[in-house]
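**Student:** Got a structure here, written out as structure tokens. Questions coming.
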Amino acid sequence: MSRHPELVASLREAGHRWTPQRESVLAALADSARHLTAEEIIARVRVRYPYLNKSAVYRNLAFLTRLGLVHQTDLGHGHIEYELHQDPHHHHLICRHCHHVLQIDHAALATLGKKLERDFGFQADLDHFAIFGVCKKCQTRAAKTAKRAAR
């Protein structure tokens, strides 16, 4: 795990122990190039620790999420998915029609965060968003279909 020293330091600075369960959950996430469901994390963790209790994985996911080391997102697949915290933050645009997921830079929402704080005195947690809509390709396809139907 490339961020192993950083993760250990973050936990210890917050006054928490580095346990094999936490290490295995973080390793499963760090070794993945995509978001993982809790069930996928459990399956990966059980390769190393076959008898690890499912609830221990869920508890550690919740704990690591509270610490900000892990982000959870609903990407529209009917379950929560987890990802190791990345710097800089990123967000996802998800097409409701073709389900394509486009990752966008945090800068796209930074202005929104500043506006919410300036106008409302509200500090928004804009760490990891999934924004649903219709992609350009599907909009074009729908426009062509509508045009054909109008003939």
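**Student:** Does Phe129 satisfy the criteria of being touching a residue at least 24 places away in the same chain (Cβ under 8 Å), touching a helix residue (DSSP H, G or I) at 6+ places or on another chain (Cβ under 9 Å) and of a type in the set (Phe, Trp, Tyr)? Steps first, answer last, please.
**Tutor:** Numbers: touching a residue at least 24 places away in the same chain (Cβ under 8 Å): yes; touching a helix residue (DSSP H, G or I) at 6+ places or on another chain (Cβ under 9 Å): yes; of a type in the set (Phe, Trp, Tyr): yes.
When the stated conditions are applied, Phe129 passes them.
**Student:** Still on this structure, I have one more. Output the residues belonging to the range 126-151 that are part of a loop (DSSP other than H, G, I, E, B) and closer than 22 Å to Thr65 by Cβ. Break it down into steps so the answer makes sense when it comes.
**Tutor:** So in the range 126-151, the residues part of a loop (DSSP other than H, G, I, E, B) come out as 126-129, 134-135, 151.
The answer is Leu126, Asp127, His128, Phe129.
**Student:** Could I ask something else about it? Out of the residues in the range 126-138 that are farther than 14 Å from Thr73 by Cα and open to solvent by less than 90 Å² (accessible area, probe 1.4 Å), which is nearest to the chain's Cα centre (by Cα)?
**Tutor:** As a first pass, look at the range 126-138 and keep what is farther than 14 Å from Thr73 by Cα: 133-138.
In the following step, the residues that additionally are open to solvent by less than 90 Å² (accessible area, probe 1.4 Å) were identified as 133-135, 138.
Working: Gly133: 18, Val134: 20, Cys135: 20, Cys138: 24 Å.
Residue satisfying both the conditions and the ranking: Gly133.
**Student:** Further, regarding this structure: Report those strands (runs of 3 or more DSSP E) wholly inside the range 77-125 carrying at least 2 residues which are of a type in the set (A, V, I, L, M, F, W, C) and surrounded by 15 or more Cβ atoms within 10 Å (Cβ to Cβ).
**Tutor:** Details: elements: 80-84, 90-95, 101-105.
The qualifying strands (runs of 3 or more DSSP E) are 90-95.
**Student:** Quick check on Leu61: is it surrounded by 13 or more Cβ atoms within 10 Å (Cβ to Cβ), assigned to a helix (DSSP H, G or I) and touching a residue at least 12 places away in the same chain (Cβ under 8 Å)?
**Tutor:** Details: surrounded by 13 or more Cβ atoms within 10 Å (Cβ to Cβ): yes; assigned to a helix (DSSP H, G or I): yes; touching a residue at least 12 places away in the same chain (Cβ under 8 Å): yes.
Yes: the conditions hold for Leu61.
**Student:** Could I ask something else about it? What residue, of Leu36, Leu7, Leu52, Leu29, is modelled with pLDDT of 85 or more, more than 15 Å from the chain's Cα centre (by Cα) and open to solvent by less than 70 Å² (accessible area, probe 1.4 Å)?
**Tutor:** On the way: Leu36 fails: more than 15 Å from the chain's Cα centre (by Cα); Leu7 fails: modelled with pLDDT of 85 or more; Leu29 fails: more than 15 Å from the chain's Cα centre (by Cα).
Testing whether each residue is modelled with pLDDT of 85 or more, more than 15 Å from the chain's Cα centre (by Cα) and open to solvent by less than 70 Å² (accessible area, probe 1.4 Å) leaves just Leu52.
The values are calculated or read from the model by the stated rules, or taken from the named source; none is laboratory data. Note that the structure is a prediction, hence the values are computed from the model and not measured. As a convention, Cβ positions derive from the backbone with ideal geometry for all residues, glycine included, and neighbour counts pool all protein chains shown. Accessible surface areas use protein heavy atoms only, side chains included; no ligands, DNA or RNA. Shrake-Rupley method; radii C 1.70, N 1.55, O 1.52, S 1.80 Å.
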